[in-house]
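See below for the structure under consideration.
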Amino acid sequence: MFADRAKIMIRSGKGGNGHCSFRRELYVANGGPDGGDGGDGGDLIFEVDEGLNTLVDYRHKRKFAAGDGEEGGKRRCHGKSGKDLVLKVPEGTVIKEARTQKVIADMSGDNRRQIVLKGGRGGLGNQHFATATMQVPKYAQPGKPAMELEVLLELKVIADVGLVGFPNVGKSTLLSRVTNADPKIANYHFTTLNPNLGVVDLENGKGFVMADIPGLIEGASEGVGLGHEFLRHIERTKLMIHVVDAAGTEGRDPVDDIYKINQELEAYNQELAGRPQVIAANKTDLIYSGDEDPVDRLRAEFEPRGIRVFPISGVSGQGIHELLYYVAEELQKMDQKPVVFEQEYFPEDELIYEELPYSVELVDGMYVVEGPKIEKMLGYTNLDAEKGFVFFQRFLKNTGILDELEAAGIQDGDTVKMYGLQFEYLKSE
C-alpha cells in the first residue's frame, strides 16, 4: 500500500534531575555537597533514508519518544544522557505542526537530517549551589521537561515535471515509454492510486525526473475522490504536462478537459496553476481522418496563450521525442534549485508564548532576570550554537523582557544576569 500521509505524536527526552548528596569524609565540614548533574534528554531527529519511498512505517505506530536523561549520582557522578531517537523518512517528506499546518521541516534538497525537538537539559546537582553563606545546599535542580508535539508527515513527490490529466488518458503509458518507471497500465476508468517517478534520459545530460501524478477528477480541489491527496504531489514540480485524450475515446472533449484540470489546479493553489504548462495531445493514432482535427482545435485555443501543444501517441511513440526535448529546453531556462518549503513553525517558540512568571530586578548594579520562564528557556537553548543564540535574542524581544529592562533604566554596557549567564547589554538598532 502506498502511504503518503501520517499523523504522529513525537516527544523529546526529559532531562534527568540533579542529585542532592554530601561527602562523608573526616575533617570535611558537614560533608560538603557532591551531588552530580542529571543527564540531558535525547533529541527527536528526522533523517532522510534513500531506501524509503512511503510513510507506511508511521501508519500503525503513532507515538515516538526519545530517551530520558538519568538522575545524577553521588560523588559528582553525571547522569547518563537519554538516547536520541532518529526517525527515518523518504526524501520529500514535509513535517508540519498538526494544528496550524505550518511547516517545521522539509526533508529534501540539502536538508538530510534535522533536530525537530530538543531534549530537556539535565538539572544541576547541589554541588553547584554552595556559596560562602550557604555551605550546605539541600537543593538540586530538577531536569527540564520534554517537548511534545503532534505533527503531520506529508510526502510530496520530488519531480521536475508532473503529468496531469483525467484518468485513462495515457499518462502511465507515456511515463513507461520515456523513463525507467514500470507503472501498472490497464484500461481503468478509475485512477492510479500512487504517483510513479521515472528519469527521462536525454542526450547532452539534459535529463529530468518525471512523475505520473494520479488522475484528477472534477471537484478534486475540494477533496472529491482523492483530490487533495494527489494535488499535493505536484507542488514541487516546475512544469506540468497536461495529457489529454485527443481522440476522445472516453467521450470527453479534450479542450474542455484542459479547462477543467486548470480550474482544479487554480482552486487548490493559484501559484501552482501559474507554473509553465505543455499539452500532450495523446492517442493521435486513434483519430479518424474524416473528423475535425482535435489537435488543431487545441492549438487554436491554447497556443495563443503561450501553451504549446504536441500531438503524440504513447503507443507508437510518435511525437514524443519533440515533446521531451521542448520540455528539457524549458527546464534549462528555469531556476535549477529544487522547490523546498521554508520553515514556518519553530517548536521552541512555544517557550515564548507559554504563560510562566519571571521578574526583572536591579541588584548590586546588575539587572537580574529570573523565574520559571527564564529557567525553562535556558534548559532548552544552546547559546553556543548560532541557531540557539538567534532564538535567545528572539525570546528576549518577543516576551517583552527587553522592554522591561529598558523601562527599568538599563543602558548600553550594563550587565544582565540570568542564573549562571551574564552578558553586556547592547541596544539593537
field: Filtered residues of the range 71-90 (kept if surrounded by 20 or more Cβ atoms within 10 Å (Cβ to Cβ) and in a loop (DSSP other than H, G, I, E, B))
entry: Glu71, Gly72, Gly79, Ser81, Gly82, Pro90
- line: Going through the range 287-320 in order, the residues found to be closer than 15 Å to Val243 by Cα and either surrounded by fewer than 15 Cβ atoms within 10 Å (Cβ to Cβ) or of a type in the set (A, V, I, L, M) (or both) are Val295, Leu298, Ile307, Val309, Ile312, Val315, Gly317, Gln318, Ile320
message: Within the range 6-18, does at least one residue satisfy the condition of being open to solvent by less than 60 Å² (accessible area, probe 1.4 Å) and among the charged types (D, E, K, R)?
response: no
Residues that are open to solvent by 90 Å² or more (accessible area, probe 1.4 Å) and not acidic (Asp, Glu), drawn from the range 408-429: Gln411, Gln422, Leu426, Lys427, Ser428
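Matching residues to (1) surrounded by 18 or more Cβ atoms within 10 Å (Cβ to Cβ); (2) not in a helix (DSSP H, G or I):
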| residue | (1), (2) |
| --- | --- |
| His233 | yes, no |
| Arg236 | yes, yes |
| His242 | yes, yes |
| Val255 | no, no |
| Ile258 | yes, no |
| Asn262 | no, no |
| Leu265 | yes, no |
| Arg275 | no, yes |
| Ala280 | yes, yes |
- prompt: Hey, Glu355 hits all of (1) of a type in the set (Asp, Glu); (2) at pLDDT below 85; (3) surrounded by 12 or more Cβ atoms within 10 Å (Cβ to Cβ) but one; which does it fall short on?
  reply: (3)
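The values are calculated or read from the model by the stated rules, or taken from the named source; none is laboratory data. Predicted model only: the values in this text are computed from it and were never measured. We place every Cβ from the backbone using ideal geometry, glycine too, and count neighbours over all the protein chains shown. Ligands, DNA and RNA are stripped out before the accessible areas are found, and what is left, the full protein with its side chains, is counted by its heavy atoms. Shrake-Rupley method; radii C 1.70, N 1.55, O 1.52, S 1.80 Å.
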